[in-house]
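Working notes, structure below.
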Amino acid sequence: MATKCGASESCSLIVDVILRSSDGEQFGAHSKNLEMYSDAFPAAGSTIPPDGDIVELTENAQIIQLMLCFTHNMPPPDLSSLDMPTLFALGEPVNLKYGMRYASECVSKEINKRVATYANPLEILAYKTKVADVSLIDEVARRTMSISVEDVVPVLVNLETFRTWIRYREKWQLMLVQYRQALTQYSQSHRGVSSAIRDDLPRTSDLIGLPSMTTVLSAMAVHTQVNTYSPITLVPAEIGARESAADRVFGVVDQFPLWKDFL
């Protein structure tokens, strides 16, 4: 076979398999490497053809070239320059078709780096549920809670995933009301500050981030910093009331839904 290795021009291994992408590009590969670095390659139901034949794959040239880079004893390809649709297009076959665990792990890590900044968290949620990647699944799901059901339907096309999202959202909305009420009660436990400052704690929490223990502690730190401008002496009963109010907030945070509880 004259086709060169699709992973590296400097590769000296013998090419004994030729792969052809959906857009017609051919790549040399090595059957032993494919066996070593994947659970099933080519796709399920296919077999390695006789010398000179070509394995037809449904992935495009970019995805096949990236996958082949994960079948060699060399540093993995840099995925940081890939856009999210390309990461999804790479992640699906390495997870669902070829069982390429190392490639799957690298894709997951790169996607997780972008969870907090990607403009469409619903797409990440759809991808993660499709490939059964539960890492950061709650952070992703919580970023979709403000999206309307009408906008969710065409993205979460799997019926079970959509049902899980609906149940998750119902619990989220219930706990969000209780969370803001608990924050307000905690604010009101502070004597010596204006009502405007007391009532601002839930809004401060919303600005800091999604409900979490980290968000609560950060919001309380801001609140306490403001409160120190008017120092007062608290009696033991007031200290106890404040601690009790804080415990209620923490308790509510612990009751926010977890994706795994709906599976």
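Do we have Thr215 as among the polar types (S, T, N, Q), touching a helix residue (DSSP H, G or I) at 6+ places or on another chain (Cβ under 6 Å), at pLDDT 95 or above and within 21 Å of Pro121 (Cα to Cα) here?
Values: among the polar types (S, T, N, Q): yes; touching a helix residue (DSSP H, G or I) at 6+ places or on another chain (Cβ under 6 Å): yes; at pLDDT 95 or above: no; within 21 Å of Pro121 (Cα to Cα): yes.
In short, no.
Please indicate, with yes or no, whether at least one residue in the range 201-220 is part of a helix (DSSP H, G or I), closer than 24 Å to Asp254 by Cβ, among the charged types (D, E, K, R) and out of contact with any Asp or Glu (no Cβ under 6 Å at 6 or more places or on another chain).
yes
Between residues in the range 63-81 that are of a type in the set (Lys, Arg) and residues that are part of a loop (DSSP other than H, G, I, E, B) and crowded, with 18+ Cβ neighbours inside 10 Å, which pairs lie under 7 Å by C-beta distance while being six or more apart or on different chains?
Cβ pairs passing all conditions: none.
Any idea which of Ala141, Ala116, Ala103, Ala61 is small (Gly, Ala, Ser), crowded, with 17+ Cβ neighbours inside 10 Å, within 11 Å of the chain's Cα centre (by Cα) and at negative phi?
Checking each option against the conditions leaves just Ala141.
Taking the range 144-167 as the region of interest, how many residues are polar (S, T, N, Q) and either surrounded by 17 or more Cβ atoms within 10 Å (Cβ to Cβ) or not in a loop (DSSP other than H, G, I, E, B) (or both)?
Selection size over the range 144-167: 3.
From the set of residues in the range 114-138 that are in a helix (DSSP H, G or I) and of a type in the set (Ser, Thr, Tyr), which is nearest to Gly91 (Cα to Cα)? Explain how you work it out, then say what you get.
Filtering the range 114-138 down to residues in a helix (DSSP H, G or I) leaves 121-131, 137-138.
Those left that are additionally of a type in the set (Ser, Thr, Tyr): 127, 129.
Values: Tyr127: 9, Thr129: 12 Å.
Out of the qualifying residues, it is Tyr127.
What number of residues within the range 73-108 are closer than 24 Å to Arg20 by Cβ, part of a loop (DSSP other than H, G, I, E, B) and out of contact with any Cys (no Cβ under 7 Å at 6 or more places or on another chain)?
Here the count works out to 6.
The values are calculated or read from the model by the stated rules, or taken from the named source; none is laboratory data. What you see is a predicted model, and the numbers here were worked out from it, not measured in a lab. Neighbour counts run over all protein chains shown; Cβ positions are idealised from the backbone, glycine included.
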